[in-house]
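Worksheet: one structure, shown below.
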Amino acid sequence: MASTSDDAGQPAAPTYPLRFRSAEARGTRIGRPLRLLGRARGVDEALLDRIGRAFFEQDDAGAALAAAMRLPAGTPGRVTHTQLREALAGGAADPCPQPGGAEFGPLQDSDVEIGPLPRDRSINRPISRQRTDVGRAPQQRTELSARTPDPLRRLLDEVTAVPGWVDWDLVEEGAAVQRRLGQNSSDVLLQLSLVGGYRFGGPTDLLAATGALTGGALRRLHETQEWAIGLSEPGALRPYAPAWRATVHVRVMHALVNATFADPERRDRRDGWDTARWGLPVNQADQAATLGLFDGTLILGCRTLGVRIPPSDSRALMHLWRWVGHLLGVHPDFLVDDEWQRHRLNYHVLLAQAGISEAGPRLARAVVAAQAERTYRGPSWWQPFRAGFERERLLSMLTAFLGVRSMRELGLPLRPPWAHAYLLPLNTWRYRVLGRTRRGRERLDRWGRRRSAAILASYQPDHP
């Protein structure tokens, strides 16, 4: 762990956490597909240094708001959850969100309310594609700003001020591309992005500490699926639209988790966070890694399933996620809308990671076990057979995506890659033949919506 001294000769804060490059050889091995398919060549020490320093960087606007939300009731400057909901709704209060979140579970020994806003199903149609001038609209925000606490106003300013690089037509096209990917998108995000991310210590230990997935795994997976699918709906990422609100709320949730686990009063407890080892609980390096799992990894994973993603679709999908990353508070240094830049960045993120921790296998097994809890279409007698099929399908795809060594590290049983064997020709027909025509793409869009809705319903707790 590198460190420096300040002007007074006292030891300064460390530059990197202990985890930084602690398993670089392993990261190099896991990153071989990126070097081959993602054209990531060589090691850029300056980029690795930037990633290393980012382990101690946080979302400053989110951190300020989290600090204000954690103040005792009645303290001047405190921000309440009602104020947050009203602000994200443009002045109209929403139903109280449930504890929990798209990634994290309810904080143990805490009454902090975190979690995504309920999905607004009242907007299910495209909205105007005119560029948004958020400085003058909507009217509700102007009326709200006079009584909005400074930390909340600062966050609102960041997420409503649309950067000049945002191209709304490209964002909408990226959403359409993700809709057309359908089940392929859900498969890759669950298996290669989510479970694949469990191979590294740090974020997995935070997830385990919050109780996510190991307790109520089905609900956590449902919330993550619902958020990801919601991003692909027309107009959903415009300021104050449903997916915009949910994404900003996830940002606040991350900030609350970071503030809770980084609290000095908690460090001496048994469940205290080891900042010297891992960096900040929710930090910019891990945020960049997560974003890379949702954009670049999604593209590469779908291609390995036989999906044709031409450069135009790749650019649109990357642009969509660049805007999402901005809303989540990811540092501009890690926001890119070029696929090959992302693969290069992802490769260096792998080199910077730690090895697997004991939390990884626990989380991976929870995801596999959750397949038996899903509710599938069909009569009740059919459920056990379908659950068994989905479990075996998941293990088959995980074996192909992650490899034998990673499966053993996660404590998961190996399976032949039979799922890839049927998906490759099926996706070849869908995306390389049918998807080349306008009508074919429209059919893929309808198919993607149906599959996404069915997958989401199957993860819905107590779904009839």
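Each reported figure results from applying straightforward, stated rules to the coordinates on display, with no laboratory input. For clarity, every value in this text was computed on a predicted model and none was experimentally measured. Positions of Cβ are backbone-derived with ideal geometry, glycine not excepted, and every protein chain shown enters the neighbour counts.
A simple packing score, the average count of other Cβ atoms within 10 Å per residue, orders the peptides 388-397, 323-332, 194-203 as 194-203, 323-332, 388-397, with the highest score first. Please report the net charge: other residues with Cβ closer than 14 Å to the Cβ of LEU395, K and R +1, D and E -1. With Lys, Arg at +1 and Asp, Glu at -1, the net is +2.
Distance between the pseudo-spin-label points of TRP381 and ARG154 (7 Å out from Cα toward the beta carbon): 6.3 nm.
Can you put THR148, THR210 in order of Cβ neighbours within 10 angstrom, beginning with the fewest?
Lowest count first: THR148, THR210.
Computed about its Cα centre, the charge dipole of segment 179-299 is approximately 160 debye, with only Lys, Arg, Asp and Glu carrying charge at their Cβ.
For ASP445 and TRP340, calculate 0.36 nm times their separation in residues minus their Cα-Cα distance, and state this gained length in nm to one decimal.
Contour length minus Cα-Cα distance gives 35.2 nm.
Projecting label points 7 angstrom from Cα along Cα→Cβ for ARG408 and LEU71 puts them 5.6 nm apart.
Over all pairs of different C-alpha atoms, segment 327-464 has a mean inverse distance whose reciprocal, the Kirkwood radius, equals 18.4 Å. This model, with +1 at the C-beta of Lys and Arg and -1 at the C-beta of Asp and Glu, gives segment 317-464 a dipole about its Cα centre of some 800 debye.
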